[in-house]
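Trainee: Below: one structure in structure tokens.
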Amino acid sequence: MNPGGGAALAVMVLALAQTAEARPQRIMALDQCADQYVLALAPDADLALSPRADDPDAWLRREAAGHRRLRPTLEAAVGFKPDVVVRYWGGEPRLLNALERRGVKVVTIEDANDLAGVKANLRATAKALGQVERGARLERTMQAKLDRAAPAPGASRPGAVYLTAGGFTSGPGTLMDAMLRAAGFHNLTQAPGFGAISVERIALEPPIRFVLGFFDQLRSDWRGPGRHPVVRRAAKGRTAASLPAAVLTCPAWFAADGVEMMAKGRP
């Protein structure tokens, strides 16, 4: 055996290994919520975002510029060869199973019905992406915003109703309910979960404050109950905040931004 040839081979193997280690992590996001997490936590990775990454209701739509977009299909994933796939609701079971069989790590962002759940999502996703410190910084920023928005101890809590352009509201057991409480409001919607609210009820018993959601999406529910003239008159001068859709479409750290927006309109 040629000693010189063996040494050359060893150097080549080492160089190839170092090149593989230097390759940026490849991360594929299967839906718009996953886009927000990977853009915030791993912006320097080789990212493949969903087709909706720069839609108006995406919180980090500007940061999505310049990144590739892929449909959440097996063909696209096989072509991209991701190391990690992140999802909230995107990706059908057959796609997810196929990815896991190929050794791809699949990270699922869980639904959250309170702010602690949002923080848990942040920690879990940051850990899965190898970005624990970035996740911790985001969590600290989130908590600082919640602290600024919190009412003074013993302060009265005005009643408020969350209302979407489509005429829906949100009661106990939802993230919006937790956000209302964090902003110092008493949620006047008592029925758990999400449900419709009638124009008649608003006309007869207008709440002290409205928190509006999705009204910035002008083409969305443009004839919905939330846009009824009666509701518009009732909400005039009583709106604590009109939350953009980008705050509401994903259980993420920017829920704290929504809390701050609401707190500014607290009586």
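Trainee: Would you check which residues across the range 199-211 are loosely packed, with under 13 Cβ neighbours inside 10 Å and part of a loop (DSSP other than H, G, I, E, B) and list them?
Mentor: E205
Trainee: Next up: Checking the structure you have, find out if any residue of the range 116-127 is surrounded by fewer than 13 Cβ atoms within 10 Å (Cβ to Cβ), at pLDDT 95 or above and under 16 Å from the mean Cα position of the chain (by Cα).
Mentor: For the range 116-127, residues surrounded by fewer than 13 Cβ atoms within 10 Å (Cβ to Cβ), at pLDDT 95 or above and under 16 Å from the mean Cα position of the chain (by Cα): present.
Trainee: Can I ask one more? Just checking, how many residues over the range 41-88 are assigned to a strand (DSSP E or B) and not basic (K, R)?
Mentor: Total meeting the criteria: 7.
Trainee: While we're here: Going through the range 115-167 one residue at a time, which ones are assigned to a strand (DSSP E or B), without any contact (Cβ under 8 Å) to a residue 60 or more places away in the chain and of a type in the set (A, V, I, L, M)?
Mentor: Selection gives V161 alone.
Trainee: Inspect all residues belonging to the range 234-247 and state whether any of them is under 20 Å from A116 (Cβ atoms) and either surrounded by fewer than 16 Cβ atoms within 10 Å (Cβ to Cβ) or not assigned by TED's automatic domain parsing to the domain that holds G117 (or both).
Mentor: The answer is yes; a qualifying residue exists.
Trainee: Of a type in the set (A, V, I, L, M), within 21 Å of C250 (Cβ to Cβ) and out of contact with any Cys (no Cβ under 7 Å at 6 or more places or on another chain): is that true of L188 in this structure?
Mentor: no
Trainee: Another question about this same structure. Could you count how many residues in the range 28-38 are under 19 Å from P251 (Cβ atoms), more than 11 Å from the chain's Cα centre (by Cα) and not in a loop (DSSP other than H, G, I, E, B)?
Mentor: 1
Trainee: Oh, and also: How many residues are farther than 14 Å from L47 by Cβ and over 20 Å from the mean Cα position of the chain (by Cα) if we restrict to the range 61-95?
Mentor: Summing the residues that are farther than 14 Å from L47 by Cβ and over 20 Å from the mean Cα position of the chain (by Cα) in the range 61-95 gives 8.
Trainee: Okay, moving on. With (1) closer than 22 Å to A256 by Cα; (2) part of a loop (DSSP other than H, G, I, E, B) as the list, and L180 as the residue in question, which single condition is left unmet?
Mentor: Only one criterion in (1) closer than 22 Å to A256 by Cα; (2) part of a loop (DSSP other than H, G, I, E, B) is unmet by L180, namely (2).
Trainee: What's the number of the condition Y162 fails, among (1) surrounded by 21 or more Cβ atoms within 10 Å (Cβ to Cβ); (2) more than 21 Å from K264 (Cβ to Cβ)?
Mentor: (2)
Trainee: For R238, indicate whether it is touching a residue at least 24 places away in the same chain (Cβ under 8 Å) and over 24 Å from the mean Cα position of the chain (by Cα).
Mentor: yes
Trainee: In this structure, does A112 turn out to be of a type in the set (G, A, S), in contact with a strand residue (DSSP E or B) (Cβ under 8 Å, 6 or more places away or on another chain) and under 28 Å from L175 (Cα atoms)?
Mentor: no
The values are calculated or read from the model by the stated rules, or taken from the named source; none is laboratory data. What you see is a predicted model, and the numbers here were worked out from it, not measured in a lab. Positions of Cβ are generated from backbone atoms using ideal geometry, with glycine treated the same way; all protein chains shown enter the neighbour counts.
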